[in-house]
Amino acid sequence: MASVSKLSTPNPAASLSEALRPGRDSSRNCFLSIRPSSSAANYKINLSASLRSRHSLPLKTSLRIKCSQTDGNGSPAKRTVLHDLYEKEGQSPWYDNLCRPVTDLLPLIASGVRGVTSNPAIFQKAISSSDAYNDQFRELVQAGKDIESAYWELVVKDIQDACKLFEPIYDQTDGGDGYVSVEVSPRLADDTEGTIEAAKWLHKVVDRPNVYIKIPATEACVPSIKEVIANGISVNVTLIFSLARYEAVIDAYLDGLEASGLNDLSRVTSVASFFVSRVDTLIDKSLEKIGTPEALNLRGKAAVAQAALAYQLYQRKFSGPRWEALVKKGAKKQRLLWASTSVKNPAYPDTLYVAPLIGPDTVSTMPDQALEAFIDHGTVSRTIDSNASEAEGIYNALQKLGIDWGHVGNQLELEGVDSFKKSFDSLLDSLQEKANSLKLVSH
């Protein structure tokens, strides 16, 4: 079983060409290969439609996940490591991306993906770089919709359509999985009441049982989380970067359940999105400035260590008399969701933020890069608590070197909110330009 140290110590990652080398074998005889484009057949899971448009792969090639595992009759079986991740270790693999046509998600669902997350940056990229939204946008503009209202109608349609695709998983798991997440406006990150109203509105207009309304874990929005949960609305709490803020998020969820007045709490669920890679990006810079051998040896270890401690906190908070009283009313644990799982430093292993964070009742949401890498050569094994004492040692060692975990969390939160605001504003600007050109044409 991999320990925190083994999986968080940076090693040179394989190059893209090596990772995509045709016929690359793994212990499951599951590999990625580049082939000429053609229809998916003979149980080959064709992910080209979902992945190719977001990569620099030649358009005339098709990225496939090809698994040669066989069933009892010797026929190829449509299984990937993602199925094992859920069935053997209780972790739900989700996809961190969404764009039109949402039917591109079907091969991903077949490969084991069990939910979808989106954010303002994802929609900014999807809508501004695709013609798939033009017809609906034109109709909205011609109907007199303002730009922001038109934006939300585009988003709501994608979320509704994606929810429909994941509804069978939601039904099969009795509301345990199969969620699609949509975020409130990032302009509301410091507005408690505005966030509450936006969450209620989004929940009402999407009108799907398996939608998660995303609310940022800013200081202003922690009370919003409690209120929205108390209103019976399921929430994905996003942009969590520190243990202290994570504990406040758990408390908001528990407070909300207790304040709801519902006799059956089974349909009010939540995930807490704990961000990973960005923690290393920021702390590594500090360690390089310190420059001592001890500091340099800790590069690439901070994020996974903090996440392992977050899992310990999760286990403590969702046990004991207070939690047991809520369980009697049908309450479900607020699962930890590992977000920001793509590797930013090319010197690090490409599964660094997935492989060491496997554990029951958790979610790992992966963008294309991380998803491809883990399907290709990831190993399924419970790792999140395989060496908890070592994680604590790394966390404390960083503190002794002068790393202020509270400051790290605050800075990353500010950067995260600012990044989403910029994406949101940029998209509205590009939609305004598109609207202006449509009006010129119509006249």
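Among the aspartates and glutamates, select those whose C-alpha is under 12 Å from the C-alpha of Lys301, and discard any that sit fewer than 8 residues away in the same chain.
The reachable aspartates and glutamates, counting only those whose Cα sits under 12 Å from Lys301, are Asp280, Asp284, Glu390, Glu392.
Could you give the length gained by full extension between His407 and Glu433, i.e. 0.36 nm per residue of separation minus their alpha carbon distance, to one decimal place?
5.5 nm
Report, in whole Å, the centroid distance computed from the Cα atoms of segment 262-326 and segment 386-443.
Spelled out, the Cα-based centre of one part sits 17 Å from the other.
Given charges of +1 on the Cβ of Lys and Arg and -1 on the Cβ of Asp and Glu, with all other atoms neutral, how large is the dipole of segment 136-231 about its Cα centre, in debye to the nearest 20?
Magnitude of the dipole: close to 160 debye.
If the reach is capped at under 24 angstrom between alpha carbons, list the lysines near Lys421, excluding any in the same chain fewer than eight residues apart.
Counting by Cα, and skipping residues close in sequence, Lys421 has these lysines nearby: Lys125, Lys145, Lys157, Lys200, Lys204, Lys214, Lys226, Lys344, Lys434.
How big is the charge dipole of segment 309-443 about its Cα centre, in debye rounded to the nearest 20, if each Lys and Arg gets +1 on its Cβ and each Asp and Glu gets -1 on its Cβ?
780 debye
Suppose R0 equals 35 Å; then what is the FRET efficiency for Asn345 and Thr192 from their Cβ-Cβ distance, rounded to the nearest 0.05?
Efficiency computed from Cβ-Cβ geometry: 0.45.
Using the per-residue mean of other Cβ atoms lying within 10 Å as a proxy for protection, in what order, highest first, do the peptides 155-161, 316-322 fall?
Result, highest mean first: 155-161, 316-322.
Bear in mind these aren't lab numbers, they're just calculated from the coordinates by the rules spelled out. Model, not experiment: these values are computed from the prediction. Cβ: placed from backbone, ideal geometry, glycine included. Neighbour counts: every protein chain shown.
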